[in-house]
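Accompanying notes for the structure given below.
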There are 2 protein chains.
Amino acid sequence: MNASRPSTSSPGPSSAPSPARPRGVFVAALTPLTSTGDPDLEATAAHYRWLLDQGCDGIVCLGTTGEANSFTLDERLALLDHLGASGLAGRLIVGTGCCAIGDTVRLTRKALEIGAPGVLVLPPFYYKGVPDDGLFAAYAETIERVGDARLRLYIYHFPKMTGLDIGLPLIERLIAAYPDTVVGLKNSSGDWDNIRAMIDAFPGFDVFAGSEEFLLPTLRLGGPGCMSATLNVLAPQAVELAANWQSPEAEATQERLSALRRAISAAAAPIPAMKAMLARHTGRSTWRAVRPPLCPLDPAQEERLSHSLAALGFDLPAAA
Amino acid sequence: MNASRPSTSSPGPSSAPSPARPRGVFVAALTPLTSTGDPDLEATAAHYRWLLDQGCDGIVCLGTTGEANSFTLDERLALLDHLGASGLAGRLIVGTGCCAIGDTVRLTRKALEIGAPGVLVLPPFYYKGVPDDGLFAAYAETIERVGDARLRLYIYHFPKMTGLDIGLPLIERLIAAYPDTVVGLKNSSGDWDNIRAMIDAFPGFDVFAGSEEFLLPTLRLGGPGCMSATLNVLAPQAVELAANWQSPEAEATQERLSALRRAISAAAAPIPAMKAMLARHTGRSTWRAVRPPLCPLDPAQEERLSHSLAALGFDLPAAA
């Protein structure tokens with residue numbers, strides 16, 4: 001569909017990474033808070049470095065898992081400035097999609113200014129039942145107003161949260177209108193048939209699975225990898241799978257990874273659950289904090305989660 | 001539940017209105033845009049005056065119909081400043097609910113600063129499946145951070161847009177915790193049984209129907225009135241019904257009002273449809289503009305809408 005971005009014959013994460021085409025294992029990262037409930041800038045950068053040290057290919061910053069929409073625009077801009085100053089920007093895909101296009105434009109420009117190689121953009125998610133023309137117009141206005149040839153935009157498809165469907169015809173229109181800009185999509189539908197249909201329909205368009213449960217099948221189909229929340233605590237296992245996806249052990253590695261993900265998801269809501277795990281691991285109790293409308297785990301939930309992961313022989317890598 | 005706000009025995013809109021307890025017919029008002037897509041401050045104030053001149057009791061400003069979530073925080077604050085300077089604030093219930101509580105707090109403080117008698121507050125609407133504890137915490141944090149005894153907060157229940165249920169136990173907790181602050185709710189569920197259950201459960205708590213289709217039954221149950229989008233073009237008919245709800249003609253008046261509402265809703269998406277009607281009525285073509293993800297009507301849709309309303313003998317009141 002775009003001759004300058006052909007589908008490669010060896011699309012696994014072992015291909016040389018390029019800033020223009022992120023591939024592999026991306027962690028949709030948590031945002032730790034301070035004791036006063038503000039984004040903890042230093043702890044966020046430290047968490048990203050710890051994840052990168054585990055071998056993951058990059059970080060999705062300020063997405064659903066990062067509680068982006070619970071932060072004001074100014075809080076998000078300040079966090080991006082800090083990450084830029086920390087030398088981390090080159091490894092970030094930045095969530096920038098808001099209900100108001102003006103806010104999406106501000107955040108997208110900031111992501112470019114600090115040097116992030118891509119942005120992940122939710123459709124405006126307040127109104128439901130809007131026509132494809134309206135969603136197309138929202139993305140088009142964002143791209144035109146940002147007006148920067150460096151922009152690499154990933155569509156963020158998360159129907160459970162947005163209540164909106166992003167179907168193949170809309171994706172096709174966006175790729176046709178902005179072939180050098182609309183380069184991929186994060187598919188958080190949880191529906192493998194939907195992920196596969198998108199990978200099949202658009203060769204050269206990078207459809208990331210929104211869960212590591214689909215990492216192996218995505219790589220086998222020529223997809224770029226995954227962007228997932230639970231990788232905040234499961235990055236080493238996913239990195240191992242991505243490095244050895246063509247080996248005979250790949251299916252068993254995928255199965256073990258999926259079992260750990262399911263254990264976390266079954267115990268409690270994933271964002272507070274992973275924050276509780278990181279509080280125990282780092283000894284920093286502020287890691288437990290979330291912004292409303294999310295709720296922290298209560299001590300009994302946290303204990304149950306800890307036991308169920310211990311029963312699976314699970315442990316987190318040492319802090320950097 | 002709160003002795004200082006008892007249910008009155010004559011709760012219709014003919015009771016003397018009080019700034020502390022808005023009652024009657026409230027228009028969830030449209031926000032006209034300029035030719036460059038900005039909120040048209042002068043035209044918005046003029047539209048509100050035109051509606052108030054038709055006898056409605058007040059305006060819901062910056063709600064769903066007002067495309068609030070498609071505007072940045074700064075755009076909303078500037079509009080509120082303008083409305084305050086225009087002398088309209090005393091007639092406004094201001095929509096202030098955002099995904100980030102910090103934004104909700106800023107807008108709510110501004111609404112109080114200009115002298116609006118109430119605010120209408122969506123729950124943080126990005127995350128779905130959140131527990132009642134999280135929604136309670138979001139409202140509680142908003143109220144505590146605003147920290148102003150003048151605050152009169154209406155919960156905004158619009159499950160189709162938010163994907164969140166606000167059930168009776170959550171409302172009961174909020175009233176119990178903040179009896180002088182959490183004084184009512186706008187119920188846009190479209191479900192009469194749900195509206196009736198709320199009116200019945202909480203005497204003295206002002207449950208407004210989110211549609212004029214339920215105006216008569218709401219008044220008969222002792223409810224305060226309605227807050228509705230389609231009243232941008234149907235205010236006189238609703239005002240007439242509210243003034244004569246105890247008359248023998250009330251049912252027929254309700255039926256005619258409901259038929260007009262259904263004709264508009266059936267023809268096209270209501271926000272662009274009403275904007276098109278006002279463009280024709282005022283001769284200002286900029287009235288047609290909406291922000292993405294909404295789409296303006298195409299000329300054929302506009303023509304069909306115009307014909308179907310003409311067939312019902314419908315006409316708008318003259319411009320002020």
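The values are calculated or read from the model by the stated rules, or taken from the named source; none is laboratory data. Here the structure is a predicted model, which means the values were calculated and not measured. So basically every Cβ, Gly included, is an ideal-geometry build from the backbone, and we count neighbours across all protein chains shown.
Just to verify a result, which residue in the range A:127-143, among those that are at the interface with chain B (Cβ under 7 Å from one of its Cβ atoms) and of a type in the set (D, E, K, R), is nearest to A:Thr108 (Cα to Cα)? Taking the candidates together, the pick is A:Glu141. Quick one: is A:Arg280 surrounded by fewer than 17 Cβ atoms within 10 Å (Cβ to Cβ) and within 21 Å of A:His47 (Cα to Cα)? Spelling it out, A:Arg280 is indeed surrounded by fewer than 17 Cβ atoms within 10 Å (Cβ to Cβ) and within 21 Å of A:His47 (Cα to Cα). Filter the range A:183-214 down to residues that are free of Cβ contacts under 8 Å to residues at least 24 places away in the same chain and acidic (Asp, Glu) and give me whichever is nearest to A:Lys160 (Cα to Cα). Top of the filtered list is A:Asp191. Scanning the range B:289-320 for residues that are touching a helix residue (DSSP H, G or I) at 6+ places or on another chain (Cβ under 6 Å) and within 14 Å of chain A (Cβ to nearest Cβ) gives B:Val290, B:Arg291, B:Pro292, B:Pro293, B:Leu294, B:Cys295, B:Pro296, B:Leu297. The single condition among (1) within 12 Å of another protein chain (Cβ to nearest Cβ); (2) buried (at least 23 other Cβ atoms within 10 Å of the Cβ) that B:Thr218 does not meet is (1). Inside the range B:146-172, can you point out the residues that are under 16 Å from B:Arg109 (Cβ atoms) and touching a strand residue (DSSP E or B) at 6+ places or on another chain (Cβ under 8 Å)? If the condition is that a residue be under 16 Å from B:Arg109 (Cβ atoms) and touching a strand residue (DSSP E or B) at 6+ places or on another chain (Cβ under 8 Å), then B:Leu151, B:Arg152, B:Leu153 are the ones that fit. Note on the range A:122-143: residues that are in contact (Cβ under 8 Å) with a residue 12 or more places away in the chain and under 24 Å from B:Ser189 (Cα atoms) total 6.
May I ask you to verify whether A:Ile143 is assigned to a strand (DSSP E or B), modelled with pLDDT of 95 or more, within 24 Å of A:Ala100 (Cβ to Cβ) and touching a strand residue (DSSP E or B) at 6+ places or on another chain (Cβ under 9 Å)? Answer is no for this residue. If you take the residues in the range B:249-274 that are of a type outside the set (Ser, Thr, Tyr) and within 14 Å of chain A (Cβ to nearest Cβ), which one is surrounded by the most Cβ atoms within 10 Å (Cβ to Cβ)? Here the answer is B:Ala273. Restricting attention to the range B:263-320, report how many residues are within 22 Å of the chain's Cα centre (by Cα) and not aliphatic (A, V, I, L, M). Matching residues across the range B:263-320 total 12.
Does the range A:196-213 hold any residues that are touching a helix residue (DSSP H, G or I) at 6+ places or on another chain (Cβ under 6 Å) and assigned to a helix (DSSP H, G or I), and which are they? Matches in the range A:196-213: A:Ala201, A:Glu212, A:Glu213.
Against the list (1) out of contact with any Pro (no Cβ under 7 Å at 6 or more places or on another chain); (2) within 14 Å of chain B (Cβ to nearest Cβ); (3) at negative phi, the condition A:Gly163 fails is (3). Report the residue count in the range A:176-190 for those that are within 18 Å of A:Pro270 (Cβ to Cβ) and in a loop (DSSP other than H, G, I, E, B). The total comes to 3.
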